[in-house]
Amino acid sequence: MTRQETPERLTREEKKARTRAQLIDAAATVFARRGLVAASLDEVAEEAGLTKGAVYSNFDSKEDLFQAVIDERLNEPMRHGAEVI
């Protein structure tokens, strides 16, 4: 009989960070597909497999979520690239 590994238990902060990352990834997909104006937070939540409440517990608005996508996808990689030079 093989012993099954117990799933890693995440802290509250790790769960929140994972949810936030899922939402940012989903938002990037939805914004790319529909554009910022046409995209809805319901669509982002559905794309992430989460509830709209999860969106609002992590972001104040659609614009706040969009800024997080920009920061993660554009600004952060540019900062790391500048450190290499």
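Values for this structure:
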| item | result |
| --- | --- |
| Close pairs from the stretch 25-53: first assigned to a loop (DSSP other than H, G, I, E, B), partner buried (at least 18 other Cβ atoms within 10 Å of the Cβ) and of a type in the set (Gly, Ala, Ser), Cβ under 7 Å, at least 6 apart | Thr51/Ala45 |
| Residue check for Asp60: open to solvent by 50 Å² or more (accessible area, probe 1.4 Å) and either farther than 20 Å from Lys16 by Cα or at pLDDT below 95 (or both) | no |
| Answer from Val37, Val55, Val69, Val30 - the residue that is aliphatic (A, V, I, L, M), at pLDDT 95 or above and loosely packed, with under 13 Cβ neighbours inside 10 Å | Val37 |
| Inter-residue pairs, beta-carbon under 8 Å, first farther than 17 Å from Phe59 by Cα and at pLDDT 75 or above and in the stretch 3-22, second surrounded by 11 or more Cβ atoms within 10 Å (Cβ to Cβ) and not hydroxyl-bearing (Ser, Thr, Tyr), 6+ apart | Leu10/Arg18 |
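The values are calculated or read from the model by the stated rules, or taken from the named source; none is laboratory data. Owing to the predicted nature of the structure, the values given are computational and were not obtained by experimental measurement. Positions of Cβ are backbone-derived with ideal geometry, glycine not excepted, and every protein chain shown enters the neighbour counts. The area values use the complete protein model at the heavy-atom level, side chains included, leaving out ligands, DNA and RNA. Shrake-Rupley method; radii C 1.70, N 1.55, O 1.52, S 1.80 Å.
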